[in-house]
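Asker: The following block contains the structure, expressed as structure tokens.
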Amino acid sequence: MCCNINNDLDKCYMERALELAEYAASLGEVPVGAVIVHKPTGNIIGEGWNKRESDKSPLAHAELMAIENASKKLGGWRIVDSEMYVTLEPCPMCAGAIIHSKLDRVIFGAYDKKSGSVCSVQKMFAFPYNHKPEVAGGVMEEQCSTLLKVFFKELRRKKKENGLHWDKSMSMAFKRASENGD
Ligand SMILES: [Zn+2]
């Protein structure tokens with residue numbers, strides 16, 4: 001179920017998700033990006049990036065923002081004939097939202113051993129819910145995980161440099177990085 005796929009089309013959409021993740025990093029957010037693709041047209045109908053610090057909300061994950069955008073674009077809550085590309089394995093909240101939104105498939109980049117809930121910690125799409133999206137992991141894994149590693153490395157460097165004087169959002173992100181063991 002958690003197979004690696006690496007065709008050109010998948011890479012193309014994952015590259016867009018990576019751009020969104022980089023945008024998140026430029027805002028001081030942990031870099032995660034997501035896009036939703038409408039399969040019949042190949043169009044991107046939803047985009048999102050992690051903005052938990054900006055929104056001051058634990059709900060502000062890239063996947064939920066992309067789902068919100070796509071459902072507005074389609075004019076309904078069912079995001080049918082569509083797939084999500086996301087740079088990091090979805091957490092349990094986002095995996096639940098993906099089931100509810102009826103997406104056909106999720107393609108993710110880096111595995112998340114601490115809270116990834118479609119392959120790593122558990123496999124939510126294998127449970128007997130009324131909708132079971134397909135999943136493929138490890139697409140452009142190297143680029144997706146490098147982006148996260150570089151971000152956390154930079155946070156640690158800033159902390160060392162600035163000691164107690166660095167800003168609060170960085171401090172919170174660093175705390176998370178430490179918790180994640182990065
Ligand atoms: Zn999530």
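Asker: Taking every alpha carbon pair in the stretch 7-105, what does the distance histogram look like in 10 angstrom bins from 0, in percent?
Answerer: Calculated over all Cα pairs of the stretch 7-105, the distribution is 18, 52, 28, 2 percent.
Asker: Report the longest stretch of the chain that contains none of the trypsin sites (Lys or Arg not before Pro) sitting in a DSSP loop with at most 13 other Cβ atoms within 10 Å. Could the numbers behind the result be given before it?
Answerer: Working: sites that count: K56, R78, K113, K114.
With a cap of 13 other Cβ atoms within 10 Å, the longest stretch comes to 115-182.
Asker: To continue, here is another question. Give or take rounding to whole Å, what are the principal axis extents of the alpha carbon atoms in the stretch 96-154, in descending order?
Answerer: Cα extents, longest axis first: 42, 19, 16 Å.
Asker: Right, another one. Mind checking which lysines have their Cα closer than 25 Å to the Cα of K123? Skip sequence neighbours fewer than 8 apart in that chain.
Answerer: K11, K39, K102, K113, K114, K132, K149
Asker: Step by step: find N for the chain, compute 2.2 N^0.38 Å, then divide the Cα radius of gyration by it. What's the final number? Write down the numbers at each step before the final one.
Answerer: Details: Rg = 16.1 Å, N = 182, 2.2 N^0.38 = 15.9 Å.
That ratio works out to 1.01.
Asker: Treat each spin label as a single point 7 Å out from the Cα along the C-beta direction, and report the N7 to H131 distance in nm.
Answerer: The two pseudo-label positions are separated by 2.3 nm.
Asker: On to the next question. Roughly how many debye, to the nearest 20, is the charge dipole of the stretch 1-144 about its Cα centre, given +1 on each Lys and Arg Cβ, -1 on each Asp and Glu Cβ, and no other charges? Write down the numbers at each step before the final one.
Answerer: On the way: 15 positive and 19 negative charges, 109 e Å.
Its charge dipole is roughly 520 debye.
Asker: Using the Cα centre of the stretch 73-145 as origin and beta-carbon charges of +1 (Lys, Arg) and -1 (Asp, Glu), tell me which of G138, L88, V121 is placed farthest towards the positive end of the dipole.
Answerer: V121
Asker: Please compute the length gained on full extension between R16 and Q122, using 0.36 nm multiplied by the number of residues separating them and subtracting their Cα-Cα distance.
Answerer: Details: separation 106, 0.36 × 106 = 38.16 nm, distance 2.69 nm.
Contour length minus Cα-Cα distance gives 35.5 nm.
Asker: Summing Lys, Arg as +1 and Asp, Glu as -1, what charge do residues with Cβ under 11 Å from the Cβ of K132 carry, K132 excluded? Please report the intermediate quantities before stating the final value.
Answerer: On the way: positive: K102, R105, K123; negative: D104, E134.
Value of the local net charge: +1.
Asker: DSSP loop (so not H, G, I, E, B), at most 13 other Cβ within 10 Å: list which chymotrypsin sites (Phe, Trp or Tyr not before Pro) in the stretch 102-168 pass both filters.
Answerer: Answer in residue order: Y129.
Asker: Which angle between 0 and 90 degrees, to the nearest 10, do you get for helix 168-180 versus the longest principal axis of the chain when only C-alpha atoms count?
Answerer: 70 degrees
Asker: Still on this model: Per 10 Å bin, what percent of the C-alpha pairs of the stretch 15-58 does each bin hold, from zero upward?
Answerer: 32, 44, 20, 5
Asker: Sticking with this structure for a sec: What do you get for chymotrypsin sites (Phe, Trp or Tyr not before Pro) in the stretch 1-99 restricted to DSSP loop and a cutoff of at most 14 other Cβ within 10 Å of the site's Cβ? Please report the intermediate quantities before stating the final value.
Answerer: Values: sites: Y13, Y23, W49, W77, Y85; in loops: W77.
Loop-located and lightly packed - W77.
Values in this text are rule-based calculations from the coordinates and carry no lab data. Here the structure is a predicted model, which means the values were calculated and not measured. In this analysis, Cβ positions are derived from the backbone assuming ideal geometry, glycine residues included, and neighbour counts consider all displayed protein chains.
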